[in-house]
1. When a/c is below 1.5 the answer is rounded, else prolate if a/b is larger than b/c, else oblate, so apply that to region 256-335 with a ≥ b ≥ c taken from the square roots of the Cα gyration tensor eigenvalues.
2. With a 10 Å radius around each residue's Cβ, average the other Cβ atoms per peptide and rank 180-191, 262-273, highest first.
3. Need one value: the accessible area of residue 20 in square angstrom, 1.4 angstrom probe, rounded to the nearest 10.
4. When the helix-only estimate is applied to the chain (DSSP H runs of n ≥ 4, each -39,500 (n - 2.57), divided by the residue count), what is the mean residue ellipticity at 222 nm, nearest 500 deg cm²/dmol?
5. With all protein chains present, how much of the accessible area of the chain (probe radius 1.4 Å) comes from carbon and sulfur, to the nearest whole percent?
6. Residue 262: net charge of surrounding residues, Cβ under 11 Å, Lys/Arg +1, Asp/Glu -1, itself excluded?
7. Are any of the pairs 122/283; 13/122; 169/217; 185/217; 78/283 more than 20 Å apart by Cα-Cα distance, and if so, which?
8. Please list, by residue number, every one of the GluC sites (Glu not before Pro) in region 83-156 that is coil in DSSP and has at most 12 other beta-carbon atoms within 10 Å.
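The values are calculated or read from the model by the stated rules, or taken from the named source; none is laboratory data. These numbers were taken from a predicted model, which means no experiment stands behind them. Every residue, glycine among them, receives a Cβ derived from its backbone with ideal geometry; neighbour counts consider all protein chains shown. Surface areas here come from the heavy atoms of the whole protein model, side chains and all, with no ligands, DNA or RNA. Shrake-Rupley method; radii C 1.70, N 1.55, O 1.52, S 1.80 Å.
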Amino acid sequence: MTVVIGFEGSANKIGIGIIRDGEVLSNPRRTYITPPGQGFLPSDTARHHRAVILTVLKEALEQAGLKPADIDCVAYTKGPGMGAPLVTVALVARTVSQLWGKPLLGVNHCIGHIEMGRLITKANNPTVLYVSGGNTQVIAYSERRYRIFGETIDIAVGNCLDRFARVIKISNDPSPGYNIEQMAKKGSQYVELPYTVKGMDVSFSGILSYIEDAAHKMLSSGQCTAEDLCFSLQETLFSMLVEITERAMAHCGSQEVLIVGGVGCNLRLQEMMGVMCKERGAKLFATDERFCIDNGAMIAQAGWEMFRSGQVTELEDSWITQRYRTDEVEVTWRD
């Protein structure tokens, strides 16, 4: 039996999870929430993480009913993410690893999402759509790597949604994306927005610039409601994502789609992807907000896979990196 504790804090969530042979023993987390119209700055986010990380660590151990001696390995997010929050969490993980005398493992955040999705949904070899505030990638496994078949060429889909929420002052509690999703359900008029797919890649910055510029004019003139804009933005962005996912499936001959990352909680995205999968006779796999949104258990799960395949990170190599591509990691735990 192998028990791994995972520390995640690459953005505004701080989470610590414990996994024992595929079983989630605990997974507490906290979120740094800013006022409407504001994003979260790296320094403020790191300050938030520093203030709560030891409380979350205590909770994780208590909920799992374990002592430090029961842990076999300490995993932490090496990247990608925001520099200051990543450093904060890596520092605590390093310290804990030395205090407890346990091996350390630096984990790629994106691979944490994929491995957690595979564990929870039991998807075998899916085409993965990874969508979050910092990343948008279509991924499939091949020859010991998670290969990126398509991605955003500018900003991530979650970043596009978050920044639109700031323009029309939507609350950040529990998250701007969730609040846009709820407002979109009440929208009835579709406003045409730029649709930018370039082969296997997507671009979201033009749509954002267009809707940032048009939103106040359209709302003040009564052309449409805020709910209509939320609805239209979601429909356009998600159509683009479904298109490139379908293209990757056709290329790989895949019959499974797995959606991971914070935006993957969105039920409208899941519904649209489900329609495409049904048309192709394929299966859709997705998780709920416990495992879609950044959490410690996903880092523990990827760490568990890596540790079992013989990987560890030496202390002198336990740095963090804000840029760390999914396809840089050699996948030693899959055939």
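1. Verdict is prolate for region 256-335.
2. 262-273, 180-191
3. Ignoring ligands and nucleic acids, residue 20 comes out at about 60 Å².
4. -14500 deg cm²/dmol
5. Ligands and nucleic acids excluded, carbon and sulfur give 49 percent.
6. -2
7. Those over the limit are 13/122; 185/217; 78/283.
8. Hits after loop and neighbour filter: 143.
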